[in-house]
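Asker: Before I ask anything, here is the structure I am working with.
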Amino acid sequence: MKHHYRWLVFVVILAAFALWVSIPGNEGASFDFNNDDEPDFTLTVYESLGLDIIGGLRVLLRADLPTDAYTRDDLQEAANNVSRRVNGLGLSEATIQLQGDTRILVELPGVVDEVQARQTIQQTALLEFVNFAGIDSSTIATYEGQPVLTTEQTRIEEQRQRALEEQGATEEATGEGEEATEALTDPTSVALTTIGTLATQLMPEGVNLLPPLTRAGPLQEDGEGQPPFETVMTGDGLSAAVAERDPTSGQWLIRFELTDEGGDVFGPFTGSNVGQPMAIILDGILLSAPTIQDALPTGGVISGQFTEDEAKQLALQLRSGALPIPLSVESFSRVGATLGQESVELSIRAGIVGVIIVLTFMLFYYRVPGLAADLALLVFIVLNLAIFKLIPVTLTLPAITGFLISIGTAVDGNILIFERLKEELRDGKDLRPALDAGFDRAWTSIRDSNISTIIICGILFFFGQTPGASIVSGFAITLAIGLVLNLFTAVLVTRTFLYVIVGLGSDAIAERKWLLGT
Amino acid sequence: MFNLMEKRRWYFMISGVALTISIGLMIYSTVTTGQPFRLGVDFQGGSIYEIQFEEAGANEENIREVFNSLGDENPIIQRLGDENDYRWSIRGSFTEGQSSEEVIEALETIAPVAEDSVNIEQVSGTVGQEVTRAALFAVLAASIVITGFIVIAFRTVPKRTRYGLCAIAAMVHDVLIVMGAMALFGLIFGWEIDALFLTAVLTVVGFSVQDSIVVFDRIRENIPKHVGEPYETIVDRSVWETIHRSLATQLNAFFIMIAILLFGGDTVQQFIAVLFIGLLSGTYSSIFVAVPLLVSWEKGELPLLEGDEHIAASPAKA
């Protein structure tokens with residue numbers, strides 16, 4: 001009997017912990033054991049809600065180039081570019097990930113301006129080599145990773161403005177905006193909103209960007225018309241860029257090659273600016289500003305105190321500017337924020353109603369064992385909710401449905417045990433031996449009968465890895481967690497509760513057989 | 001005790017009628033619409049716009065005009081909910097680069113749109129093909145793995161192929177019933193098959209096998225315990241012994257599902273409806289298809305299939 005009380009303590013502590021974790025809004029805790037004001041142990045938990053619940057945009061992009069024209073690294077860099085721009089919009093909750101070797105999945109939760117988001121995402125990278133003659137090294141150090149305004153960006157912005165005006169004109173003339181709309185959604189013309197201008201228009205709160213640098217200094221708010229820096233060459237002029245280790249010095253450097261057209265511009269410019277810095281700017285942001293050592297008509301090396309990672313990163317950024325991967329939208333979904341919220345509230349309400357019916361049924365049909373099963377079911381529910389926050393499992397509507405169905409089937413294990421128990425009692429066994437037999441014999445049935453559904457969950461999970469069927473994964477995960485957890489709660493937790501209850505009043509129960517539901 | 005297995009011809013007849021109706025519905029749907037059931041955008045590619053208007057004014061005609069003006073020739077337009085919900089579902093084609101904002105702006109010429117309550121899905125044909133391929137692969141994998149599981153579960157039974165095939169027959173029965181139901185819902189309500197439908201079907205497969213295994217397990221256990229009893233009596237006893245468990249378990253799953261059907265949002269209702277029908281069929285088929293089939297087989301009543309000499313010779317009643 002004693003070890004059942006020990007189990008009871010364990011179950012109660014576990015349930016209390018799970019209950020604490022699953023309190024809505026609880027984000028975990030940190031513990032400072034040695035009072036040095038540095039947390040020694042931090043437990044972070046959070047609710048991860050799917051886009052179909054919070055609302056937002058989900059865009060699946062496909063690289064619009066033959067698969068042999070780019071590598072996975074190039075695609076990763078394209079994804080990094082998308083990520084940087086999306087963060088520039090102030091959407092810090094966004095997730096951007098590669099899907100296979102040809103696709104990028106972008107998820108933008110919350111209320112998002114769709115047109116702006118599409119433009120930002122589909123924009124290809126703009127790489128510029130910019131004349132930085134006369135800029136001192138301290139300014140360069142301050143502006144690394146900060147916006148710099150250039151002639152090329154200004155040109156692109158003007159072109160965009162013209163396109164917008166033309167669209168307005170067409171709309172007025174024809175009453176429809178189709179042609180111009182097409183021009184606007186064309187990836188190349190969409191690409192014309194540069195980060196340089198985005199950075200000023202959309203400076204997000206919390207992201208500390210300096211005002212863009214111009215020839216005359218940082219651009220003030222009223223400082224329109226300040227001369228931008230001269231763009232010498234864009235990424236089009238670059239044909240290759242790789243990170244290498246210099247065999248003599250052992251230093252990491254980036255070797256780049258130019259196209260013929262690029263060389264025609266780059267050679268004379270570098271020749272007449274030896275000793276001056278030249279800025280490398282990606283999407284309006286200053287990456288680095290090496291000093292020109294020599295005339296470079298066909299290519300050259302960029303050296304500096306690069307670590308291996310930095311050199312590879314810069315080479316990749318140069319390549320992504322040289323080989324901009326156009327991205328086309330392959331699937332798109334947009335969920336209104338209130339719609340998902342309503343559906344969740346309805347699902348939760350349905351879940352509560354369903355659980356109450358199940359609890360009532362078990363109590364009336366199985367009496368005292370039913371009470372133990374009900375307590376175990378409540379433990380099962382809080383354990384599930386805690387696991388969803390601990391892993392965390394992204395909760396979508398199908399995921400919530402999978403969880404609810406797992407509640408419906410969770411009592412199956414208990415039913416198997418209790419039916420056995422009744423049989424053993426009918427065969428004339430005493431209460432305690434009947435209980436032992438019920439739990440012993442039902443275990444293999446419980447295990448076997450759950451296996452087929454767990455296998456199916458595995459197959460469904462893999463099916464859900466297909467970009468177009470991702471909604472399935474959530475259902476498979478929560479149902480599988482529920483089934484596995486149920487093996488624990490249906491047997492161990494129910495047994496603990498039942499033995500403790502029976503231990504407290506075994507005579508009373510043995511005298512009143514109806515309490516056992518027989 | 002009521003002798004269940006004696007009436008097995010009735011069960012076969014009921015199932016036969018249900019299966020004939022299911023297959024008939026799929027054939028009817030194929031003849032009238034070209035597909036056994038309506039394939040959704042997940043598999044075919046295309047766009048679904050669920051639009052919430054804030055006031056009256058929208059009808060099939062003016063929505064069609066808007067879509068035609070955007071270059072979508074043949075949209076399928078349906079009202080969602082009742083007339084005062086102002087909610088519409090429009091199935092259109094997939095146009096690369098067409099932002100849904102354009103579509104919403106165009107629809108605003110009819111009536112104001114509640115942008116917070118729209119639900120839009122656009123899927124290209126390529127993605128649809130990939131989902132279809134993955135779906136076929138999932139079905140194939142499920143068939144192989146479940147068959148393998150049944151073989152392992154019955155490895156200690158002398159005639160395991162027999163048990164396994166009866167469980168598979170019950171599973172195929174359930175899948176066909178679900179498909180027939182979906183063909184019917186497609187014809188009546190315009191419901192479409194999506195990735196979640198396949199999920200429901202495979203979940204039904206999992207539960208169906210689970211049910212059959214519990215009954216077969218008991219038969220296996222009872223045969224050595226009751227030597228000398230007629231086979232049908234042993235089977236009947238096994239069914240009665242497990243029927244409480246089967247019904248109580250299914251009942252609890254149904255409680256949850258009915259609650260979702262009645263009170264849940266409409267997003268997962270089709271999914272739950274399919275799952276519900278599948279589980280209903282699964283409960284029936286484990287007792288009234290898998291088991292009677294096994295009895296008939298053992299007694300040599302099935303054409304072309306040999307029975308068990310010993311069982312076939314035994315009297316029908318004790």
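Asker: Can you tell me the 0 to 90 degree angle between the C-alpha axis of helix A:431-463 and the longest principal axis of chain A, rounded to 10?
Answerer: In chain A, helix A:431-463 runs at an angle near 20 degrees to the longest axis.
Asker: Would you please state the base-10 log of I(q)/I(0) at q = 0.24, 0.27 1/Å for segment B:239-311, with intensities from the Debye formula using one equal scatterer on every alpha carbon?
Answerer: Log10 I(q)/I(0), no solvent term: -1.01, -1.12.
Asker: What are the semi-axes of the equivalent ellipsoid of segment B:183-318, taken as the square roots of 5 times the eigenvalues of the Cα gyration tensor, listed largest first and rounded to whole Å?
Answerer: 37, 17, 10
Asker: In Å, the Kirkwood hydrodynamic radius of segment B:47-122 over pairs of distinct alpha carbons?
Answerer: For segment B:47-122, inverting the mean 1/r across all distinct Cα pairs yields 12.2 Å.
Asker: P(r) of segment A:57-151 in 5 Å steps, Cα pairs, percent per bin?
Answerer: 2, 11, 21, 18, 14, 13, 10, 6, 3, 0
Asker: Semi-axes of the equivalent ellipsoid for segment A:22-94, please: Cα gyration tensor eigenvalues, times 5, square-rooted, ordered largest first, whole Å. Provide the component values of the computation, followed by the final result.
Answerer: Numbers: eigenvalues 286, 73, 26 Å².
The answer is 38, 19, 11 Å, longest axis first.
Asker: If we count every other residue with Cβ under 13 angstrom of residue A:392's Cβ, Lys/Arg +1 and Asp/Glu -1, where does the sum land?
Answerer: Counting the neighbours of residue A:392, the net charge comes to -1.
Asker: Further question on the same structure: Alpha carbon centre of segment A:126-166 versus segment A:219-296: separation in Å?
Answerer: Distance between centres, Cα-based: 13 Å.
Asker: Given +1 on the Cβ of Lys and Arg, -1 on the Cβ of Asp and Glu, and no further charges, what dipole in debye does the protein assembly as shown carry about its Cα centre, rounded to the nearest 20?
Answerer: Dipole of the protein assembly as shown, to the nearest 20 debye: 5900 debye.
Asker: Using helices alone, I'd like the mean residue ellipticity at 222 nm for the protein assembly as shown: each DSSP H run of four-plus residues gives -39500 (n - 2.57), total over residue count, nearest 500. Walk me through the numbers on the way to the answer.
Answerer: Numbers: 28 runs with 482 residues, N = 836.
Mean residue ellipticity at 222 nm (helix-derived): -19500 deg cm²/dmol.
Asker: For segment B:1-142, count all C-alpha to C-alpha pairs, find those more than 22 Å apart, and express that count as a whole percent of the total. Before the final figure, lay out the partial values.
Answerer: Values: 5611 of 10011 pairs.
Tail fraction, whole percent: 56.
Asker: Which percent of the Cα-Cα distances in segment A:429-518 go past 23 Å? Write down the numbers at each step before the final one.
Answerer: Numbers: 1800 of 4005 pairs.
Summing the P(r) of segment A:429-518 above 23 Å gives 45 percent of all pairs.
Asker: Given +1 on the Cβ of Lys and Arg, -1 on the Cβ of Asp and Glu, and no further charges, what dipole in debye does segment B:47-122 carry about its Cα centre, rounded to the nearest 20?
Answerer: 240 debye
Asker: Given the C-alpha atoms of segment A:394-457, compute the convex hull and give its volume per residue in Å³.
Answerer: Hull volume normalised by residue count: 85 Å³.
Asker: Next question, about the same structure. Using the count of nearby Cβ atoms within 10 Å as a rough guide to exposure, how do B:38, B:9 rank from fewest to most?
Answerer: B:9, B:38
Asker: Straight-line reach from residue B:7: which aspartates and glutamates have a Cα under 18 Å away, not including same-chain ones fewer than 8 places off?
Answerer: Residue B:7 reaches B:232, B:236, B:298, B:301.
Asker: What number comes out for the charge environment of residue A:513, summing +1 per Lys or Arg and -1 per Asp or Glu over other residues with Cβ under 15 Å away?
Answerer: Details: positive: A:367, A:422, A:426, A:429, A:432, A:512; negative: A:423, A:424, A:427, A:430, A:507, A:511.
Surrounding charge for residue A:513 is 0.
Asker: Average the reciprocal distances over every distinct pair of alpha-carbons in segment A:336-397, invert the result, and give the Kirkwood radius in Å.
Answerer: 13.3 Å
Asker: Give me a single rounded figure for B:264-276: the average over its residues of other chain Cβ atoms within 10 Å of their Cβ.
Answerer: Details: counts 13, 12, 3, 14, 13, 3, 0, 4, 4, 0, 0, 2, 0.
If you average over the peptide's residues, the count of other-chain Cβ atoms is 5.
Asker: Calculate the tail of P(r) for chain B: the fraction of all Cα-Cα distances greater than 25 Å, expressed in %. Can you show the working numbers first?
Answerer: Values: 29708 of 50403 pairs.
The proportion of pairs with Cα distances above 25 Å equals 59 percent.
Asker: Measure up A:389/A:422; A:513/B:225; A:389/A:513 against 31 Å on the Cα-Cα distance and list the ones that go over.
Answerer: Pairs exceeding the cut-off: A:389/A:422; A:389/A:513.
Asker: Cα-based Rg (one decimal) and Dmax (whole number) for the protein assembly as shown, in Å?
Answerer: 33.4, 110
Asker: Dividing the alpha-carbon Rg of segment B:163-209 by 2.2 N^0.38 Å yields what?
Answerer: After normalising by residue count via 2.2 N^0.38 Å, the value is 1.25.
Asker: Rounded to the nearest 5, what is the percent of antiparallel bridges among the DSSP beta bridges in chain A?
Answerer: Among the beta bridges of chain A, antiparallel pairing accounts for roughly 95 percent.
A short reminder: the numbers here are calculations on the coordinates, not readings from a lab. Fair warning: this is a prediction, and the values are worked out from it, not measured in the lab. For neighbour counting, all protein chains shown are included, and Cβ atoms are generated from backbone atoms with ideal geometry for every residue, glycine included.
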